[in-house]
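The values are calculated or read from the model by the stated rules, or taken from the named source; none is laboratory data. Computed from a predicted structure; not experimentally measured. As a convention, Cβ positions derive from the backbone with ideal geometry for all residues, glycine included, and neighbour counts pool all protein chains shown.
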Amino acid sequence: MRPTPRLSALSTAACLLALTACGGSEDSGADKPKLPPVPTGVTAHTSSSTTVHVMWNRSDADKVRRYEVYRDGEKVETVPGKRHMVDIEGLKPSSAYTFSVRARDAEGKLSKPGEAERVTTPSAAEDDSEAPTAPTGLKARADGPHSATLTWGKSTDNKKVTSYDIYQAGTRIHSVDGASTTASVTTLRPETRYTFTVRARDAADNASEDSPSARVTTEAGADDSGSEVPTDLQATVRHAKDGHHLELTWNAPSVDGEVTEYEIHVDGKFRSKLTLGESAPKSTANFGLPVGKSAKTYAVKVRGKLLDGNWGGFSKEVEISTGKAGDGDGGGSSDHEH
């Protein structure tokens, strides 16, 4: 009787290696990195002949740090993880576009795309200079500590109302399409009083007057928006022929959003405003403030406008002395709690 053939140890190892390479192992793929969740509920509607408003459902995953918006497969916008809408501008009238959104986590991994239906911008109405009528009967209802629902009466236009823009304290914070007369506003703060208005807009970007305002106070709850105060405010003095200049730097509020507007207050009074462009660095702001030729000590503080349209808290106040022209640059600063 012939003995049963046996595989050598080398042959056995080769077989196992071949199975693994061909995906025969039961554990194959177990170590693949987990991607962020695919954004859901992606929608796109035309705000004008050159603008599309893209929205999606914000993920509950804590690890999503950014959303990337793509137009016809090309990335055109990046927004913080706590936002879930953006206006895409500079489009062509009477043109079809497809928008998608992908989530990126703290480790840089990118989700698969969530896609919206194809949208076509309206034709340009070059001869249209007539604005829509103002929305009527605006009402606001708090839906908890972080959101509110707005409703209003529709506007009319000689052509067509293409969108409604929602403003809070003079800042546009949301938009919906022209067929809607209701909107859900999120990223609000608990126990905070808000004043909303709505404007109608047509394809030629003619905007109506503001609707009557509606006020609402959000309900109590945990404030998870993070620090709303600029930090590490520093001031130095630069002497020039036209007088002294305060050179200010500070770190942006850590609210997982891009704060692009600041107020500078000197000696307790508003002195100047800084508006950063979209391409400007958002983590640290720099500002030069002329203060005249007199030798004097100034108390300076700054605050930023947050995503809900309200101003955040003030930074620590710093004192800076201009001294005398010719004393040298770089007078130091000290900070105080106020």
Go through 217, 197, 181, 156 for me and flag whichever is of a type in the set (S, T, N, Q) and under 21 Å from the mean Cα position of the chain (by Cα). 197
Can you find a residue in the stretch 223-239 that is more than 24 Å from residue 80 (Cβ to Cβ), assigned to a strand (DSSP E or B) and free of Cβ contacts under 8 Å to residues at least 60 places away in the same chain? no
Given (1) surrounded by 14 or more Cβ atoms within 10 Å (Cβ to Cβ); (2) touching a residue at least 40 places away in the same chain (Cβ under 8 Å), where does residue 129 come up short, assuming only one miss? (1)
Just one of the numbered conditions (1) surrounded by 14 or more Cβ atoms within 10 Å (Cβ to Cβ); (2) of a type in the set (S, T, N, Q); (3) at pLDDT 60 or above is not true of residue 297; which one? (1)
Yes/no for residue 100 being in a loop (DSSP other than H, G, I, E, B) and in contact (Cβ under 8 Å) with a residue 24 or more places away in the chain: no
Given the criteria outside the structural domain of residue 91 (by TED's automatic domain parsing), within 17 Å of residue 310 (Cα to Cα), within 17 Å of the chain's Cα centre (by Cα) and assigned to a loop (DSSP other than H, G, I, E, B), does residue 146 qualify? yes
Scanning the stretch 152-164 for residues that are without any contact (Cβ under 8 Å) to a residue 60 or more places away in the chain and in a strand (DSSP E or B), which turns out nearest to residue 214 (Cα to Cα)? 152
Considering each residue of the stretch 185-222, count those that are surrounded by 13 or more Cβ atoms within 10 Å (Cβ to Cβ) and assigned to a strand (DSSP E or B), and give that number. 14
Any residue that is under 17 Å from residue 35 (Cα atoms) and modelled with pLDDT under 90 - is there at least one of those in the stretch 75-95? yes
Could you go through the stretch 49-69 and let me know if any residue there is over 20 Å from the mean Cα position of the chain (by Cα), in contact (Cβ under 8 Å) with a residue 24 or more places away in the chain and over 28 Å from residue 154 (Cα atoms). no
Answer yes if at least one residue in the stretch 159-170 is β-branched (Val, Ile, Thr), at pLDDT below 90 and buried (at least 17 other Cβ atoms within 10 Å of the Cβ), and no otherwise. no
Of all residues in the stretch 96-109 being of a type in the set (Gly, Ala, Ser) and surrounded by 12 or more Cβ atoms within 10 Å (Cβ to Cβ), which is modelled with the highest pLDDT? 100
Quick one: is residue 75 assigned by TED's automatic domain parsing to the domain that holds residue 44, surrounded by fewer than 16 Cβ atoms within 10 Å (Cβ to Cβ) and part of a strand (DSSP E or B)? yes
Would you tally the residues in the stretch 133-158 being of a type in the set (Asp, Glu) and crowded, with 17+ Cβ neighbours inside 10 Å? 1
